[in-house]
Amino acid sequence: MNIMNSCMIIFNLFCLIIYANGFVLKSSKVVRNMALYDDKVPSAWKIVSIPLKEQARRWFIQRALIKGIDWDKLTDYYKVPTNFAELQEWKSKMENLSVVYPAYFLQPFHGYDEGNMNWLAAQENEAASLSMCANYWKGVCAADSERWVRYNITSNIKSYLGNEDNLIDGILDVGCSGGISTEYLKRGFPRVSNIYGLDLSPYFISVGAFRSKQQNTNIQYVHANAEQTPFSRESFDLIVCNFLFHEVPQNATQKILDEMMRLLRPNGVLVVVDIDPENLKNDALLSQFRRWAFEVTEPHIYGYYDSNMTKYLEDHGFENVVKKTNDPINAIWLGRKQEVTQTYNDSYVYYAAV
Ligand SMILES: C[S@@+](CC[C@H](N)C(=O)[O-])C[C@H]1O[C@@H](n2cnc3c(N)ncnc32)[C@H](O)[C@@H]1O
């Protein structure tokens, strides 16, 4: 690494330290409210993140390589001309041109200037997903770490469902990216044929559809905003949001939860898997550097840190809300939609569970 590069990193880290401390420690109502309720990304975030994001991105790739993830090989597969042509074909078939993108989705994200709205982010999705959990357990390789995290999700869902596991018909994976989480759901519930992945990035769902065809999984992918989906009400028995909510502002979270309630059948189950804010608040788990490198590529993370998912689910009318530890960093929240009867005027009558 040359001296210029080192100076740049040190300067950027200096900016980030000032920024992060200012943001995290300042508890004035204005800042907290802005982070919690505003769709806009704070301007300070943009100023600091732009010079830093490239370094953060390089650091993520470097960390993946150290963990034995062959970043280039995994990514290049989606760049092979025949595969890339197929991806583009999927995009032109599946992209819903009438989708209106919320401003928060068009921010720089994860070190990509166009956030999730570009091919490189989609092509790197598999490698990035593998590297996400790579350091969760000491001495465990990245592939096993990912399997453990995903296996824990499935097994936590199954233990919540109990015997009803067999009654599940439709499953929706919301914020599915390139379909890795959806494929794990398919493996966990092999009997269910009706499995959908939904994402707001047409690039990501094209990767999902491409992989579905390659692996013959028969998963259906849909390009839509989770705040307002094209599905009719009561379409699913199980809806899972894997690592979605730390990536959206808090008012979008509320709208997505409303929509999930609409899409679930009576007695259906909503599952949220994401970083446990309690883990990060009391943090002994992440090095300061790793934390900053993560935060600088996540424009909505501070609002998420202040959120209380258990309360959100209860406020949205979910019952039997349970929060469990899924792995060293993430929690899983599960809640059930009440038994309901639909009346003629399309409003609901709720029956208390006996
Ligand atoms: C961290 S990724 C999810 C990863 C994936 N579920 C997994 O477990 O590997 C979050 C995803 O949510 C998507 N997303 C963000 N806002 C969304 C919205 N309003 N509607 C639908 N998808 C959204 C992003 O495009 C991104 O693919």
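Every number here is computed from the coordinates shown, using simple stated rules; none is lab data. The model shown is predicted, which means the values in this text are computed figures rather than measured ones. Every residue, glycine as well, gets a Cβ built from its backbone with ideal geometry; the counts of neighbours run over all protein chains shown.
Overview of values
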{"read-out": "For segment 63-77, Karplus couplings with θ = phi - 60° (6.51, -1.76, 1.60), whole Hz, Gly/Pro x", "value": "4, 5, 5, 4, 7, x, 7, 7, 3, 5, 5, 5, 7, 4, 3"}
{"read-out": "Approximate spin-label separation Asp306-Arg147, in nm, with each point projected 7 Å along Cα-to-Cβ", "value": "4.2"}
{"read-out": "Cut-off 14 Å (backbone N to label point 7 Å along Cα→Cβ of Glu54), residues of segment 94-127", "value": "111-113"}
{"read-out": "Cβ-defined net charge surrounding Arg336, 13 Å radius [Lys, Arg +1; Asp, Glu -1]", "value": "-3"}
{"read-out": "Vicinal HN-Hα couplings computed from phi for segment 128-142 (Karplus, 6.51 cos²θ - 1.76 cosθ + 1.60; Hz; Gly/Pro x)", "value": "5, 5, 5, 7, 4, 9, 4, 9, 5, 10, 5, x, 9, 6, 4"}
{"read-out": "Long pairs among Lys93/Lys158; Lys93/Lys311; Lys138/Lys186; Lys138/Lys323; Lys67/Lys337; Lys213/Lys323, criterion Cα-Cα beyond 30 Å", "value": "Lys93/Lys158; Lys93/Lys311; Lys67/Lys337; Lys213/Lys323"}
{"read-out": "Computed FRET value (nearest 0.05) for Glu114 with Glu319, which takes r as the C-beta separation and R₀ as 45 Å", "value": "0.65"}
{"read-out": "Pairs of alpha carbons in segment 61-153 whose separation is greater than 15 Å (percent)", "value": "68"}
{"read-out": "Segment 207-265: equivalent-ellipsoid semi-axes (sqrt of 5 x gyration tensor eigenvalues, Cα, Å)", "value": "23, 15, 10"}
{"read-out": "Radius 15 Å from Cβ of Trp71, net charge of other residues (Lys, Arg +1; Asp, Glu -1)", "value": "0"}
{"read-out": "Theoretical gain in end-to-end length, Leu106 to Lys158 [0.36 nm per residue, Cα-Cα removed]", "value": "15.2 nm"}
{"read-out": "Note, ³J(HN,Hα) from phi for segment 305-317, Karplus 6.51, -1.76, 1.60, rounded to Hz, x at Gly and Pro", "value": "4, 8, 7, 10, 5, 4, 5, 4, 5, 5, 4, 8, x"}
{"read-out": "Cross-link reach list, aspartates and glutamates versus Lys73, counting only Cα pairs under 17 Å and skipping chain neighbours closer than eight places", "value": "Glu124, Glu126"}
